[in-house]
Amino acid sequence: MSQNQPVRSPAGSRSVAGRVVIVTGAASGIGKATVEAFRNEGALVAGLDVTFSADSPESSSDHVELACDVSNDAAVTSAVDTVRNQLGPIDILVNNAGVSLPTPIADPNFEDGWLRSLDINLTAQTRMIRACLDDLLRLGDGRIVNIASTEGLGGTANISGYTASKHGVVGLTRSLAVELGKSGVTVNAVCPGPINTGMTQEIADDHKAIFSRRFTALRRYGDPHEVADLIVSISLPSASYLTGAIIPVDGGMIARNQ
Ligand code: NAD
C-alpha cells in the first residue's frame, strides 16, 4: 500500500474516502460508472471484468483493473488476493457483473442460457462475497451491494434465466442481511430499470423512447451514473441502519405499474 493513500474515513461518516471497494463488471455501463463515482469520492477502487486485459493490468496507488471471470472460483480468489495486497482489506463489495441471454423456454439451448445466467448473475455474487467475507467482517461496517434488476421484482417473456437469477439476487440479499446483521455488515440490492449501457445498446432509440414513455414515470432511460451515485450512497459508513433493502432505481417504473 502507498503512503499517499487517503486515511480511511471514520465509522459513521458520510465519506467513503480511503475505503477499499471492489466493483465487478467494471468495464462497461453501471460498473464503470460506479468505479468513477467511488474514485471521485476518494475511495480506493478495484474494477474486475472478464474483458479487461490479463497481460497489462491497470494499476496505481488508488485504482486497479483486473481481468477476472466471476464465474471462475480460482480467478475470483486470485483477484481478491491481488486487491487486498495492492489496496488493502476490502470494505465495500459491489456485485454488478451480469449478462442477459434471451432464451425462450422451447429453445434447444435453453439449459445453457439458464445455467450461465444463474452462474454469472447469482452464484458469482456468493463467490465474491465468500472471497471478501473475512475483510468485510473485520471492523463491523462492511458493505455489500448486489445489483439485481426490476426483473427481480417482476417478469418479462423469453428471459426466464435472467429473471430467475435476479429474483435469486433479491432472496440472497434478504437472507444474508439477516445472517450478517449481527456483525454490522449491511447487504442491500439495487434494482435498475431501463438504463443506457452495453446491455441495452442493441435496442433501437425509438423503441427505447416508446418503452420509457409507456412504462416509466420519468419518461426516459436512465444514465449509468444515476445508478452509480445511489450505490455509493448506500455504501457510506453512515448508511449503517439500511440492510435487506431492495431499492429500485427505475425512473418510477415499478411505482407506475402498481
Ligand atoms: P453492461 O453489459 O454494460 O456491463 C456488464 C459488465 O459485466 C460488462 O463489462 C461485462 O464484460 C461484465 N461481465 C459479464 N460477464 C462477466 C463475468 N463472467 N465476469 C466478469 N465480468 C463479467 O451492462 P450493465 O447494464 O452495466 O449491467 C450491470 C448490471 O446491471 C448487471 O447485473 C445487469 O443485469 C444489471 N441491470 C442492468 C439494466 C440495464 O437496463 N442496463 C437493468 C437492470 C439491471
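Summary table below
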| item | result |
| --- | --- |
| Unit charges on C-beta of K, R, D, E only; dipole of the chain, Debye | 900 |
| The chain, helix-only ellipticity at 222 nm - DSSP H runs n ≥ 4, -39,500 (n - 2.57), divided by all residues, nearest 500 | -12000 deg cm²/dmol |
| Relative contact order (%) - the stretch 105-258, alpha-carbon pairs under 8 angstrom, separation at least six | 26 |
| Carbon + sulfur, % of accessible area of the stretch 25-179 - ligands and nucleic acids excluded, 1.4 Å | 50 |
| For the stretch 29-41, Karplus couplings with θ = phi - 60° (6.51, -1.76, 1.60), whole Hz, Gly/Pro x | x, 5, x, 4, 5, 5, 4, 4, 5, 5, 5, 4, 9 |
| Spin-label model distance (nm) - Ala217 vs Ala157, 7 Å beyond Cα toward Cβ | 2.9 |
| With all protein chains modelled, accessible area of Glu41 [1.4 Å, Å²] | 100 |
| Taking the C-alpha atoms of the chain, convex hull volume expressed per residue in Å³ | 127 |
| Interchain or long-range residues, amide H under 5 Å from Ala26's placed H | Leu48, Asp49 |
| For the stretch 38-133, alpha-carbon Rg over 2.2 N^0.38 Å | 1.22 |
| Helix 73-87 vs. the chain, principal-axis angle (Cα, 0 to 90°, nearest 10) | 40 |
| Inter-site label distance for Asn109 and Asn257 at 7 Å from Cα along Cβ, in nm | 2.7 |
| Relative contact order %, the chain, counting alpha carbon pairs below 8 Å whose residues are six or more apart | 20 |
| Trypsin sites (Lys or Arg not before Pro) lying in DSSP loop within the stretch 1-108, provided at most 10 other Cβ fall within 10 Å | none |
| Residue-count net charge about Ala124 - beta-carbon cut-off 14 Å; Lys, Arg +1, Asp, Glu -1 | 0 |
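The values are calculated or read from the model by the stated rules, or taken from the named source; none is laboratory data. None of the values given here were measured: they were computed from a predicted structure. Please note: Cβ atoms are built from the backbone with ideal geometry, for glycine as well, and neighbour counts cover all protein chains shown. In case anyone asks, the SASA skips ligands and DNA or RNA and just uses the protein heavy atoms, side chains included. Shrake-Rupley method; radii C 1.70, N 1.55, O 1.52, S 1.80 Å.
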